[in-house]
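All remarks here apply to the structure that follows.
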Amino acid sequence: MLGTVLVLVSLGLLVAGWRLTENDRYFLLHAARATGQVVAHEAFEREAWKVTKRFRMVVSFSTPSGSRIRFRSVSNYGKPPYAVGDTVGVRYDPERPTRARVDRRIELLAPLLIWTGAVMLLAVLGVVIAIYGPTHARAMSRVRGAPSPSGR
C-alpha cells in the first residue's frame with residue numbers, strides 16, 4: 001500500500017514539475033544568444049541566518065537592434081564564476097530582452113535535474129516497497145512464529 005502511494009505521489013510530482021518548468025523549457029528552446037560582459041558583482045543575502053556572503057553577477061549585453069540590456073544573474077554564488085570584465089554567453093527572450101540568463105549549462109539544467117532525480121528516487125523507493133515490502137513482512141513474521149497478516 002505504501003509503495004503504491006509513493007509511486008502515485010511521484011507521478012503527481014512529475015506532472016507538477018513538468019508544468020512548473022514549462023516556462024523554463026520554452027525559454028531554453030526559443031532564447032536568442034548573445035555575448036555579454038560581467039559588469040559587477042552585487043552582494044546578496046538569501047537568508048538572514050546564514051553568515052556567508054553571496055553574490056549575483058550583473059551582466060550587460062547588446063541585442064541585434066543595438067539596445068543595451070543589463071540584468072542580474074538568477075543564481076547566486078559564494079565565489080562568482082566570472083570576474084568583472086569577463087565575457088560570458090547570454091540567453092535572452094527576443095520579445096523581452098530583459099528576461100535574460102547567463103548561458104551556463106549547469107545553471108540552466110540544475111533545477112530540472114534535481115527535481116527529476118528526487119522524483120525518480122521517490123518512484124524507485126515506492127516500487128521497491130510495493131514489490132518487496134509486504135513479502136518481507138510476511139517472511140519475518142513466519143520466522144518469528146507469529147501469525148501472518150492473513151491469519152495462516
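What follows is calculated from the coordinates using simple rules that are stated; it is not laboratory data. Everything quoted here is computed from the prediction, not taken from an experiment. Don't worry about glycine lacking a Cβ; one is built from the backbone with ideal geometry, like all the others, and counts go over all protein chains shown.
Data overview
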read-out	value
Projected label distance in nm at Arg19 and Glu42, using a 7 Å step from Cα toward the beta-carbon	3.2 nm
Space enclosed by the convex hull of the alpha-carbon atoms of segment 2-109, per residue, Å³	136 Å³
Amide H within-cut-off set for Ala31, under 5 Å, with H built and near neighbours excluded	none
Label point distance in nm, Thr52-Leu113, each placed 7 Å from Cα along Cα→Cβ	1.8 nm
